[in-house]
Amino acid sequence: MPQRAYIKEIFKSIQGEAEYVGYEQIFVRFIGCNIKCNYCDTDINKSEHLKFYKNWDLNNYESVKNPVSPEELIKLIEKLDPENSVHSISLTGGEPLINIDFLKEFLPKFKRARDTKIFLETNGTLAEELSGIAEYVDIVSMDLKLASYLEDKKNLMNEHRLFLKQCVENNIATYVKVVIDNNFNQEELNNYLALVEPYRNNIKVYIQPMMQGDKMLVNSEKLRAAFELCKSKGLVPRIIPQIHKMLSLN
Ligand code: SF4
């Protein structure tokens, strides 16, 4: 039996966050997540159909029956980008790695069909799952999920440590993103940043202001404090807000 996955939507747009901001990607948004951030604004509930948007147009989509097979997903991607011109395919969510059995089947088939880069947007907690598909992943965008922003306040430092190790051991181009608002805790951020310190020559840290609609929830003083904290650890920080929200893009 081929694996199938529930997908929320597939669309072409620009990457709105961090290191690859502005590059054109195809986004494949998987349903479901293994954690619960209190700032999550993404609809990741199961649905009978996925929305397949045509060419940047948010009012123009086809409904496709869920769950989809690897072959169906490849066909949808090819339909959106027949000339193979996008920068990469963003596997996003939700948490894409909870669909590991599907990805193990999809990714080798996809890479045989196209040479487009695979860009994994992840909460950085499922290291073992990553190890099963690492050879097919070109770029990892990994979040550091501070416990104070999780509904259950769970400390995920160990999960993050193992995940970063997997990325580095598999030579995956990786960067780390951390979302903060005015209430971030300096000591907590300091502890999480320590996880990146051993890799400071290769892995950059992106501080992303939390947003509500197009309103930023962190002031310049707090942003500067987070920035200086990164620098004090020898890290190379950059502050980048979510550009797609400012541009009213998906
Ligand atoms: S990891 Fe991402 S998808 Fe999951 S709850 Fe947090 S913000 Fe939402």
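The values are calculated or read from the model by the stated rules, or taken from the named source; none is laboratory data. Please read these numbers as outputs of a predicted model, since none were measured by experiment. Ideal geometry is used to build each Cβ from the backbone, glycine not excepted, and the neighbour counts take in all protein chains shown. For the accessible areas, the whole protein counts, side chains as well, though only heavy atoms, and no ligand, DNA or RNA atoms are used. Shrake-Rupley method; radii C 1.70, N 1.55, O 1.52, S 1.80 Å.
Here are a few things to note about the model shown:
- Degrees between helix 157-169 axis and first principal axis of the chain (Cα, 0 to 90, nearest 10): 60 degrees
- Counted residue by residue at 0.36 nm each, then reduced by the alpha carbon distance between them, the extension gain from E151 to K111 reaches 10.7 nm.
- Tensor-based shape of region 173-216 (alpha-carbon gyration tensor, a/c under 1.5 rounded, otherwise prolate or oblate): oblate
- MRE, 222 nm, helices only [DSSP H, n ≥ 4, -39500 (n - 2.57), over the chain, to nearest 500]: -8000 deg cm²/dmol
- Within the accessible area of region 7-177 (1.4 Å probe), percent carbon and sulfur: 45 percent
- Sites N59 and S248, calculated FRET efficiency, Cβ-Cβ separation with R0 22 Å, nearest 0.05: 0.95
- Among I139, I74, I26, residue whose mean-square fluctuation peaks in a GNM of the chain (springs only between Cα atoms under 10 Å): I74
- Build a GNM of the chain with springs between Cα atoms under 10 Å apart, and of Q208, Q186, Q25 the one that fluctuates most is Q186.
- Computed from backbone phi, the HN-Hα couplings of region 74-87 come to 4, 4, 5, 5, 5, 5, 6, 9, x, 8, 6, 10, 6, 5 Hz, rounded to whole numbers (Karplus: 6.51 cos²θ - 1.76 cosθ + 1.60, θ = phi - 60°; Gly and Pro given as x).
- Paramagnetic reach from N219 (point 7 Å along Cα→Cβ, amide N under 12 Å) across region 179-196: 182-183
- Choice from C230, C167, C37 showing the highest fluctuation, given a GNM over the chain with Cα pairs closer than 10 Å: C37
- Gyration tensor over alpha-carbon atoms, region 45-134, equivalent ellipsoid semi-axes in Å: 22, 17, 13
- Accessible area per residue for the chain, computed on protein heavy atoms with a 1.4 Å probe, is 47 Å².
- Taking the C-alpha atoms only, the angle from helix 220-232 to the longest principal axis of the chain is near 80 degrees.
- In degrees, nearest ten, helix 100-113 long axis to first principal axis of the chain (Cα): 70 degrees
- Taking each residue as 0.36 nm, the span from E169 to E48 lengthens on full extension beyond its C-alpha to C-alpha distance by 39.7 nm.
- Pairs of alpha carbons in region 7-177 whose separation is greater than 21 Å (percent): 46 percent
- Three-way shape call for region 1-80 based on the alpha-carbon gyration tensor, with the a/c threshold at 1.5: oblate
- Counting DSSP beta bridges with both ends in region 7-177, the antiparallel % (nearest 5): 40 percent
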